[in-house]
Amino acid sequence: MKKITFFILTIMVLASSCNKLDTNPTEFLSPVNYYQTEQQLSNALNGVYDPLGSEAMYGNALLTWLSYGNDEAYWAFSAFIIPTTQIFNYDSSNSDINGLWTALYDGINRANILLEALDKASIGETAKKSFKGQALFLRAYYYFMLVDNWGGVPLKLSSTKSANEVDIPRTDVKVIYDQILKDMQTAEELLPLASTLGANSSGRISKNAVQGILARVCLTMAGSPINDVSKYADALKWSKKVIDQGQNSLNPDFAQIFTNQAQDKYDIQECIWEVEFYGNQGDSHRETGFNGIRNGNRTPTTAAYLAEPGFGYGFLGITGKLFGLYAVTDPVSQATKDLRRDRSIANYTWANTAIPSKTIFPVTTIWGRYPGKWRREEETFLPRNKNACGTNFPLLRYADVLLMYAEAENQINGPTTLAYEAINKVRQRAYGNGSRVATITINNAGSGYTAAPEVTIAAGTASYTATATATITAGKVTAITITSPGGFYNAVPIVSIAAPTGTGGVRATATATIETIIASDANLVAGLDQKDFFTQIQNERMRELSFECLRTHDLKRWGTLITTLKDFAIDVRANAPAAYKSVALLGENIQDKHTLYPIPSRELSLNAAITQKDQNPGW
């Protein structure tokens, strides 16, 4: 959300490794000669960051089309045809796959231009280190995304200066990973800690961010398909560095993480690295995205809803599997002490009424809900634009670092005390603090009710308001069922029961009691063996990091993408409501070839060094 005006000069938009059509002009100002001052280099660096927020990446495609061929979410927007990437029915001509490839190589080429310019620029050593560290890291990150999604790809470490330089063969996966590690480790040495960069620095690469992403890279290398188990030690080392520096911590309020991202607020302790967006396209600052618009709750299309809470397409629906991962205290009410569930999965929809209002889902409705991490009603940049917002997107949170540490520690040493401590910190935060609603007692059953009345419980000190439903018998309220106990209460909340409609009825009343939230109640059961502890880590990552574009990546590195989705499909066919059984298509369509994307058809047509025989297996 940082207010940045990008000066992406023509000289930055040179041919990437896959583009023969963008030929060089006969006369131009060399980038190496142009980028001399610190401001000019800063503009160039903005260009290296820019692909992250593009529609080909976290500005749209990765939030929707490309990240959800998995068991976390499904395509729920019936007005559009299901994206082929979500049901594994795509080929090498897919525009989103081609777009991601192009965006990543654009970022790499821009990084190469900047790195070459730095060698000749006359600026201070501190600034030069900063520019170099960020450019090296971003180039490595873009290569990490390429190798993770395509395997071996062309490795290009210098800028494109001629249309004749585009014929580059695929490079072995190990060589690419070696370059990624080299660049990131150099960046880690060059860059300062986030605290040095300032309170609003989550959008820039810090030492903390490099260390955390290095842990992710090493965990990936330790898993499938490389299976270099020696990298578990490196993943442990890098995640431990982040922890031991003591600069990062969990936000005590899980929901506040995402509220902050919608309100141009920064929390560098939890959110180590974010893609920044800003504004509503009402001025010259047009680095906006779709976070919360296309991967959030659905709203009606009336003018009232466009203004408040703001429009949401509801492209993604949540799966029953994700909902069921959060432990419940009562299988009938579906109440859970895990406050993440009803934040990550919206427990309400927007009623199609003249005045915008929420309708709480009945406990029996699990399929048909939408993601809720990013909520348009929390945006403070007004007026809200139907197709643009300034909500940041997290690329690395401290909770992820703790879970990576627990995973690496378990793989090396088993479920040690250190591994338990790391995962339990994440779980304890999920339960909140203060008090939760324990019971609701009916004082007066009322009379004259013809339908179950709405039950409203006053909010606590955070955004976790308890919810409940009423049952009526013979016109009276005979039971109040707590569907969410909430959290962060510091006093007993007032319970309000709506009055009966019509005349002659008597309004029912009820009172609540609260209980103290005990952090240790959230702890993972003790005494697990290594295998069972690993299963708990897998589940915890899905609960904590849902909709942050990591689920498919995790399943691939664990070597379980295909088996998990095939098992998911069987469960959907057997147990999902009839309207949602088609979600099983992704697991029924997936094949071995889908662990990697096909090399884009455009690349095959333009790069003479890569032909169909070099294509990924099965494509």
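The values are calculated or read from the model by the stated rules, or taken from the named source; none is laboratory data. Keep in mind the model is a prediction, meaning the values are calculated, not measured. Every residue, glycine as well, gets a Cβ built from its backbone with ideal geometry; the counts of neighbours run over all protein chains shown.
Checking every residue in the range 397-413 against the condition of being in contact (Cβ under 8 Å) with a residue 24 or more places away in the chain, assigned to a loop (DSSP other than H, G, I, E, B) and either buried (at least 16 other Cβ atoms within 10 Å of the Cβ) or out of contact with any His (no Cβ under 8 Å at 6 or more places or on another chain) (or both) gives zero matches. Of all residues in the range 194-220, those satisfying the criterion of being over 18 Å from the mean Cα position of the chain (by Cα) and surrounded by fewer than 23 Cβ atoms within 10 Å (Cβ to Cβ) are 195, 196, 197, 198, 199, 200, 201. Taking each residue of the range 272-298 that is touching a residue at least 40 places away in the same chain (Cβ under 8 Å) and looking for partners that are basic (Lys, Arg) and not in a loop (DSSP other than H, G, I, E, B) with beta-carbon atoms closer than 8 Å, six or more apart or interchain, yields 272/397; 292/376; 293/376; 296/376; 297/376. Only one of 567, 592, 554 is closer than 28 Å to residue 271 by Cβ and without any contact (Cβ under 8 Å) to a residue 60 or more places away in the chain; which? Selected residue: 554, the only one of 567, 592, 554 that is closer than 28 Å to residue 271 by Cβ and without any contact (Cβ under 8 Å) to a residue 60 or more places away in the chain.
In the range 500-523, the residue that is farthest from residue 70 (Cα to Cα) out of those that are surrounded by fewer than 19 Cβ atoms within 10 Å (Cβ to Cβ) and in contact with a Phe, Trp or Tyr (Cβ under 8 Å, 6 or more places away or on another chain) is 505. Against the numbered list (1) part of a helix (DSSP H, G or I); (2) modelled with pLDDT under 95; (3) buried (at least 23 other Cβ atoms within 10 Å of the Cβ), residue 306 comes up short only at (3).
Against the definition (touching a Gly at 6+ places or on another chain (Cβ under 7 Å), more than 21 Å from residue 319 (Cα to Cα), surrounded by fewer than 18 Cβ atoms within 10 Å (Cβ to Cβ) and not aliphatic (A, V, I, L, M)), how does residue 613 come out, yes or no? So residue 613 fails the test. All of 397, 429, 384 fail the test of being closer than 30 Å to residue 57 by Cβ, among the basic types (Lys, Arg) and touching a Cys at 6+ places or on another chain (Cβ under 7 Å), apart from 397. Filtering the range 243-284 down to residues that are hydrophobic (A, V, I, L, M, F, W, C) and farther than 20 Å from residue 211 by Cα, which residue is surrounded by the fewest Cβ atoms within 10 Å (Cβ to Cβ)? Going through the qualifying residues, I end up with 257. Please go through (1) more than 21 Å from the chain's Cα centre (by Cα); (2) hydroxyl-bearing (Ser, Thr, Tyr); (3) closer than 21 Å to residue 400 by Cβ for residue 601 and return the number of the only condition it doesn't satisfy. Going through the list (1) more than 21 Å from the chain's Cα centre (by Cα); (2) hydroxyl-bearing (Ser, Thr, Tyr); (3) closer than 21 Å to residue 400 by Cβ, residue 601 breaks only (3). Out of everything in the range 18-52 that is buried (at least 18 other Cβ atoms within 10 Å of the Cβ) and part of a loop (DSSP other than H, G, I, E, B), what residue ends up being modelled with the highest pLDDT? By that ranking, first place goes to 35.
Among the residues of this structure, residue 608 does not count as one that is at pLDDT 95 or above, within 30 Å of residue 343 (Cβ to Cβ) and either surrounded by fewer than 17 Cβ atoms within 10 Å (Cβ to Cβ) or among the hydroxyl-bearing types (Ser, Thr, Tyr) (or both).
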